[in-house]
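The values are calculated or read from the model by the stated rules, or taken from the named source; none is laboratory data. Everything numeric here is computed off the predicted structure, so don't read it as measured data. In this analysis, Cβ positions are derived from the backbone assuming ideal geometry, glycine residues included, and neighbour counts consider all displayed protein chains.
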Amino acid sequence: MNYSGFDVYERSIHKAQIEEAEAEVFMAKDDASGGGDFLVVSGKNHGFKGEPAGGKIRAPLNHENADALRKLFPFTAPSRVLREERSFGLGDRLGIATPGHIKLFERYDVYPVFAQQSIRELNLTNRTYEDVLDAASFAVFREDFQKGWGADGDHLKTVKDVEYALSLGFTMITLDCSDHIKTGVSEANAPPPPEKYTAKYLGKQFDIGEGIVLSFTGTELGAIAAIYGEAIGFAADMYGRFLKDGKYGADFEISIDETASPTTPLQHYFVARELIDAGVSFATMAPRFCGEFQKGIDYIGDLARFEKEIKVHAAIARHFKYKLSIHSGSDKFSVFPAIGRESRGIFHIKTAGTNWLEAVRVIAQVDPALYREVHQYALSAFDEARKYYHVTTDPGKIPGLASLSNAELPGLFENNNCRQLIHITYGLILNKKNGDGSFAFRDRLYQIWRRQEDAYARALERHIGKHLDLLIHSI
Ligand code: ZN
């Protein structure tokens, strides 16, 4: 739409009152010079920096202007959506998925966490938390999404990283306790439980409602205390340092999912109870569930056992009044109905990789030649990438590219081995350089994604929509 001489995003036209003066801000496209989108500010300027353009100010989409936007239009800043009944993390590693996600979350009674990245993901994509937050804010502004959205400093482990995310206004901290969870401890080799726990737990029945009663034997308690004691102390310390006084306005998620073995219901109960008794207030906890939640593919494991265990995990969360958080939620279609049902529709789910896979599927659809290059490179980088992931990918089970017509390439995204191949190599693909130092794929990929924005939005609507449908229709 042409507006004030600019090619404008229609939904981005916003007005605000500043000290009795009116300001108008909108976002426009710059297809001619290829310089990308920008903001146009007229009337009273409240902190935007840019160049004069036709009596207005043309302001680039940088961090300074994103900060100005968040101040002027609070809906473009993240809020504490983890406190809502249903929330969903979208780990948009490329910074381009939010417009598509918005179309979906406008329709569902679920609150999105558009900004969600771990430090590892930042490193692999050459991004900063500033970029991640700003990309979401600009998209929310452009599409006039006023419902509220969250920003998650995901899987943070250190004081420095938590401080980094909170200082930018992230509204959720996922504390990764895995480095403090002891491995190699079992009931056979654990020391006896410390005295402070024996009086509290032994010989007692813990009725968590719904006909579920938990009790600990001495050896069980000894092992659980040995495995989780230090992690509980770590979480309590981080809570006291950053979240207790509420000055950052952020919610706390306890993540104990990155462990070698599943979290048993007794372990879950113990960790929650000890944290709460230590005065730690948290919105969500992510246990590790039985079976395998591998990247970008459906659940692998015993469905009946999963259903039995999630019933107890969900009851524990209800008892202590927090939500279960399900990590690696991309494509876990066979367990979503049980998660929706047993949590009674109160959950947080995280996805990330599947949003990247949909972006690459678009490449396979519209630029088969580039897709073939990327795929070939991914195969050559597979051994390097697999060091960092637990996946059962067998590249030998992916059809050879030479045997496939261009029209058959998108179909590779129905093949779990191919999904995981492309999933775990994302950082290597994005960072691969040519001999002259230029990016081998990154710039070309982004160019296409920019041109194919509508196709990507439709793909996300369909694919993430399938996640939401299965979670919600079972409630
Ligand atoms: Zn996790």
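Select from the stretch 169-179 the residues that are over 17 Å from residue 246 (Cβ atoms) and surrounded by 18 or more Cβ atoms within 10 Å (Cβ to Cβ) and write down the one among them that is farthest from the ligand (Cβ to nearest atom).
Of everything passing the filter in the stretch 169-179, 177 is farthest from the ligand (Cβ to nearest atom).
Which count do you get for residues in the stretch 272-296 that are out of contact with any Leu (no Cβ under 8 Å at 6 or more places or on another chain), more than 16 Å from the ligand (Cβ to nearest atom) and in contact (Cβ under 8 Å) with a residue 24 or more places away in the chain?
Matching residues across the stretch 272-296 total 8.
Considering only the stretch 145-169, how many residues are assigned to a strand (DSSP E or B) and among the aliphatic types (A, V, I, L, M)? Let's see the steps before the verdict.
Narrowing the stretch 145-169 to residues assigned to a strand (DSSP E or B): 151-156.
If we keep only those that are among the aliphatic types (A, V, I, L, M) as well, we get 151, 156.
Residues meeting the conditions: 2.
Out of the residues in the stretch 195-210 that are at pLDDT 95 or above and assigned to a loop (DSSP other than H, G, I, E, B), which is surrounded by the most Cβ atoms within 10 Å (Cβ to Cβ)?
Top of the filtered list is 208.
Report yes if residue 373 is more than 24 Å from the chain's Cα centre (by Cα) and either assigned to a helix (DSSP H, G or I) or touching a residue at least 24 places away in the same chain (Cβ under 8 Å) (or both), otherwise no.
yes
Return a yes/no flag: does the stretch 130-142 have any residue that is of a type in the set (Ser, Thr, Tyr), more than 15 Å from the chain's Cα centre (by Cα) and away from the ligand (no atom under 16 Å from the Cβ).
yes
I'd like the residue in the stretch 260-301 that is in contact with a Ser or Thr (Cβ under 6 Å, 6 or more places away or on another chain) and of a type outside the set (D, E, K, R) and, out of all such residues, is surrounded by the most Cβ atoms within 10 Å (Cβ to Cβ).
287
Check off (1) surrounded by fewer than 19 Cβ atoms within 10 Å (Cβ to Cβ); (2) more than 17 Å from residue 250 (Cβ to Cβ); (3) among the aliphatic types (A, V, I, L, M) for residue 159 and give me the number that stays unchecked.
Among (1) surrounded by fewer than 19 Cβ atoms within 10 Å (Cβ to Cβ); (2) more than 17 Å from residue 250 (Cβ to Cβ); (3) among the aliphatic types (A, V, I, L, M), residue 159 violates only (2).
Which one is farthest from the ligand (Cβ to nearest atom) among residues in the stretch 250-261 that are at pLDDT 95 or above and in a loop (DSSP other than H, G, I, E, B)?
This residue is 250.
At pLDDT 95 or above and touching a strand residue (DSSP E or B) at 6+ places or on another chain (Cβ under 6 Å): does that describe residue 272?
Numbers: at pLDDT 95 or above: yes; touching a strand residue (DSSP E or B) at 6+ places or on another chain (Cβ under 6 Å): no.
Against the criterion (at pLDDT 95 or above and touching a strand residue (DSSP E or B) at 6+ places or on another chain (Cβ under 6 Å)), residue 272 does not qualify.
Just to be sure before I move on: is residue 127 in contact with a Lys or Arg (Cβ under 9 Å, 6 or more places away or on another chain), away from the ligand (no atom under 16 Å from the Cβ), in contact (Cβ under 8 Å) with a residue 40 or more places away in the chain and farther than 25 Å from residue 473 by Cα in the structure I sent?
no
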